[in-house]
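The values are calculated or read from the model by the stated rules, or taken from the named source; none is laboratory data. Every value quoted in this text rests on a predicted model; they were computed, and no experiment measured them. Heads up, the Cβs are rebuilt from the backbone with ideal geometry, glycines too, and the neighbour counts pull from every protein chain shown. Just so you know, the surface numbers come from the protein's heavy atoms only, side chains and all, with ligands and any DNA or RNA stripped out. Shrake-Rupley method; radii C 1.70, N 1.55, O 1.52, S 1.80 Å.
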Amino acid sequence: LADADLVSIPGNYAIDAGINPGEDAAAAGRRSLLSAEEAVDLVTSPLGGADPLALLRLRRAARRVAPELPGSEGLPADDVIATLLLDPASSLLDDPDLAPVRRVAAVLRAGLAHLTGDGGDQRPDAETLLWTLWDRSGLSRAWEEQALAGGAAGERADRDLDAVMVLFGAAADYVERLPGMGPAGFASHVAALDLGADSLAARGHRADAVAVLTPQAAAGQEWDRVAVVGVQEGVWPDLRLRDSLLGAEALVAVLHGRSVSGTEGLRAAQEQVRADELRQFYTALTRAREQLLVTAVASPDEQPSTLLDLVDPREEDRSLAEVPPPLTLRGLVATLRRELVRAHREGDRPARDEAARVLRELVAAGVPGADPRHWWQVRDVSDPRPVQPTGPVPVSPSRVQGFSECGLRWLLTSRGGERPRQHAAAVGTLVHDIVAEQPRAGLADLQAELERRWHQLGLGDGWVARRERERATDMLRRYVAYVDGAEAHGWRLVGTELAVDATVDRARVTGRVDRLERHDDGRLRVVDLKTGASKPAAKELARHPQLGTYQVALVEGGVQPEATGEHPDPSDQQAPAIAGEPGGAVLVQLGRAAGRGPSVQPQPPLDQDEDPRWAHHLVTATAEGMGSARFPATSGSWCRTCPVTASCPLQPEGREWR
C-alpha cells in the first residue's frame with residue numbers, strides 16, 4: 001500500500017498516500033494498479049498462503065471470472081488477479097479457488113480504510129499503517145504457535161517474527177526522525193537501503209559463543225577447540241562435477257589448452273574436484289590450536305566418509321555414541337511415542353506408564369502430536385466401503401495405464417495428489433488447444449495463433465520463455481508435417497476433441513479424442529497427440545492401455561461426432577455415434593521424444609491381436625479396481641517420477657509416517 005503513489009478504492013474516490021488528493025479517481029486507479037508480478041508475490045506470500053497447486057487453481061479461477069470484470073477479458077491470469085486484489089468488494093471473490101485473493105484483499109482493505117483517515121485529521125504514518133496490516137493478516141497467532149512447537153517450521157516462524165520486529169523497529173525510527181513523512185516515504189526509504197537498517201542478531205565476536213562457519217569462512221582464523229561435523233560419505237568429499245551456469249571453468253580449461261571432453265577431460269575435472277575437497281578439509285582441521293573433534297553418523301542410510309581415515313586410521317579405536325533425540329517438543333513427543341510402543345510390546349510396565357504420564361502432561365499443555373486421538377496408527381479405517389459399490393464406474397483412457405501400474409498412485413493423484421503443472425505441461429496444453437481449434441491450418445497460421453495466445457501462460461520474458469516458445473513452435477512444425485504425411489497416405493480428418501462415452505460392463509469410458517481420422521477405404525483410427533519428452537517402447541504399443549481403451553470406445557460406438565469448441569455433455573445419448581471399420585490407433589509424438597520430425601507409433605486394430613478382447617478385459621478389470629475398497633501400492637520404474645511417494649508404504653519417505 002505504502003509503495004503506491006495513489007491507492008484506488010471502490011466507490012469512485014482516491015486516497016492520498018503522498019500525492020495530491022484531488023486527482024481524478026479513474027486516473028489514480030490506473031496509476032495504482034499492481035503489476036502481475038507483485039500480485040503473484042502477494043498471493044503466494046504468507047498473506048495469501050497459496051502454494052503452487054493453489055496458485056494453479058487460482059489462475060484457472062481468474063480466467064473463469066475475467067469476462068465478468070470490465071476490461072479484463074483476454075488479459076493474462078496474473079493481471080486478472082491484480083485487478084481482483086484492487087477490487088476487494090467484487091462479488092466474484094466468492095469462488096473457493098480465489099481464497100488467497102480474498103485473504104490478501106482483506107488486508108489491503110484494512111490498510112485502505114486506515115488511509116481514509118479513521119484516526120481523524122491526523123495523517124497515518126508508516127508505523128500505524130504497518131500495525132493495521134499486521135493485525136488484519138492474522139499471522140501473529142499462527143507464527144507464534146509454530147515457533148513454540150519447535151522443529152524446522154518453528155525455526156522458520158522464529159525468523160519470520162524476527163523480521164517483522166526489525167521492520168516495525170525501522171518504521172518507528174523513521175517516524176520518530178521524520179514525523180511529517182507518510183507511508184510512501186518510508187517505503188521509498190526501505191527500498192533504497194543497500195543493507196538492513198537493524199538486526200536482532202548480536203554484532204561482533206563474542207568470546208563465549210560458538211562460531212558456525214564453512215571451511216572457506218574459517219580460513220585465516222584459529223580457535224582453541226574446533227569440531228568438524230557431518231563428515232559423511234557422498235557429502236564430504238562431494239566428488240560431483242560442477243561448473244557455473246555459463247561454463248566458465250570449461251572456458252578457462254580451453255584457453256589453457258586442456259581438454260574438456262573425453263576420458264582425459266573427465267579425469268582432469270574429477271582430480272580438480274577431489275583436490276578442492278581435500279584442501280577444504282585440511283583448512284577445517286588446521287583451525288584448532290588445542291583440541292579437534294571430527295564427527296560422522298553411521299546408520300543404515302548414512303556412512304562415515306573415507307576422509308576419517310586421514311584423521312584416525314585406526315577405525316577399531318573410534319568411539320561410538322548414541323545420538324540423543326532432538327531438543328524440541330516434536331522430538332520429545334516422537335521419542336515418548338516410540339518408547340510407549342516398545343515398552344508395551346516388551347511388557348515393560350514401568351517404562352510404559354512413565355511414557356504415558358509424560359504424554360498426558362504434554363496433552364494437557366496442548367503440545368501437537370501428543371494426544372493419542374490424533375495418532376493415525378490407533379484409529380480405525382474411516383470408511384471400509386468400496387469407492388463405487390454399485391453402478392457404472394467412470395474410466396478415463398488416460399488413467400487406465402496409471403491404474404494398471406499402481407492403484408495407490410491412481411487413487412491419490414485423482415483426488416488432488418498430482419503435482420502442479422510445470423511450464424512444459426502448460427505449453428503442451430496450449431499446443432493441444434491451438435491444433436484442435438485449427439486442425440487444418442498451415443504452419444504460419446498456427447504460429448500466429450501461438451503468438452496471440454502466448455501471454456496466457458504468464459511466463460514473462462527471458463531465456464526460459466524463449467526456449468519454451470521455440471519448443472512450442474517445433475511442436476507445431478511436427479504437427480503440420482504429420483498432417484501432410486497422414487493425408488498423403490489417405491487419412492482424412494473426421495474431427496478433433498470428440499466426446500467419448502462408451503459402456504463396457506461396469507465401465508463407463510469417458511473422455512475426449514484428440515483426432516479421429518478416416519481412411520479412403522473407410523477405416524477409422526484414433527490419434528492421440530503427445531507433447532512430452534518420453535515415449536513408450538515399440539514392444540509396448542501392441543497393447544498400449546490408453547490406445548486400447550480408445551479403440552474399445554470406438555468399437556462400442558462411443559465416439560460422438562461433435563466438433564471441437566465447447567465441450568459437449570458426453571452423457572447426451574441423442575447424438576449418433578461415428579461408425580466405421582476399425583483401423584487401429586496411433587500415438588503422434590510432437591515433443592522432444594519425436595526427434596526431428598513427428599514420431600508416429602501405431603497400434604493395430606483389436607481384431608488383429610491373438611486375443612481380440614484384451615482391451616475389453618482391461619477396461620472391465622480397471623473399472624472393478626477403481627470402484628473397489630483396496631488400492632495396493634506397486635513399485636516399478638514409475639516410482640522415480642511419482643508425486644505421492646511421501647504417502648506410499650513401499651517408499652522410505654512414506655514408511656517414516658506409518
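Below are the figures for this structure:
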| read-out | value |
| --- | --- |
| Among the residues listed as Thr549, Thr473, the single one being under 22 Å from Gln601 (Cβ atoms) and either within 31 Å of the chain's Cα centre (by Cα) or buried (at least 22 other Cβ atoms within 10 Å of the Cβ) (or both) | Thr549 |
| Residue in segment 276-288 that is without any contact (Cβ under 8 Å) to a residue 40 or more places away in the chain and open to solvent by 100 Å² or more (accessible area, probe 1.4 Å) present | yes |
| Of the criteria (1) modelled with pLDDT of 90 or more; (2) in a strand (DSSP E or B); (3) at negative phi, which one Pro582 fails | (1) |
| Residues that are of a type outside the set (Gly, Ala, Ser), more than 13 Å from Lys530 (Cα to Cα) and open to solvent by 40 Å² or more (accessible area, probe 1.4 Å), drawn from segment 426-457 | Glu437, Gln438, Arg440, Leu443, Asp445, Gln447, Glu451, Arg452, His455, Gln456 |
| Sole residue being touching a His at 6+ places or on another chain (Cβ under 6 Å) and over 21 Å from Leu133 (Cβ atoms), chosen from Pro76, Pro52, Pro70 | Pro76 |
| Residue pairs meeting the criteria (Cβ under 6 Å; at least 6 apart or on separate chains; first without any contact (Cβ under 8 Å) to a residue 24 or more places away in the chain, in segment 144-157; second polar (S, T, N, Q)) | Ala153/Gln146; Ala157/Gln146 |
| Qualifying residue in segment 111-128 (condition: open to solvent by less than 70 Å² (accessible area, probe 1.4 Å), in contact with a strand residue (DSSP E or B) (Cβ under 6 Å, 6 or more places away or on another chain) and not polar (S, T, N, Q)) | yes |
| Filter pass, Val427 being outside any loop (DSSP other than H, G, I, E, B), among the hydrophobic types (A, V, I, L, M, F, W, C) and modelled with pLDDT under 90 | yes |
| Looking only at segment 485-543, and only at residues there that are assigned to a loop (DSSP other than H, G, I, E, B) and of a type in the set (A, V, I, L, M, F, W, C), the one that is modelled with the highest pLDDT | Ala537 |
| Qualifying positions in segment 345-371 - charged (D, E, K, R), assigned to a helix (DSSP H, G or I) and loosely packed, with under 15 Cβ neighbours inside 10 Å | Arg345, Glu346, Arg349, Asp353, Arg357, Arg360, Glu361 |
| Residue in segment 149-161 that is modelled with pLDDT of 85 or more, part of a helix (DSSP H, G or I) and open to solvent by less than 40 Å² (accessible area, probe 1.4 Å) present | yes |
| Residue match in segment 603-626 (condition: buried (at least 21 other Cβ atoms within 10 Å of the Cβ), modelled with pLDDT of 90 or more, under 28 Å from Ala472 (Cβ atoms) and not hydroxyl-bearing (Ser, Thr, Tyr)) | yes |
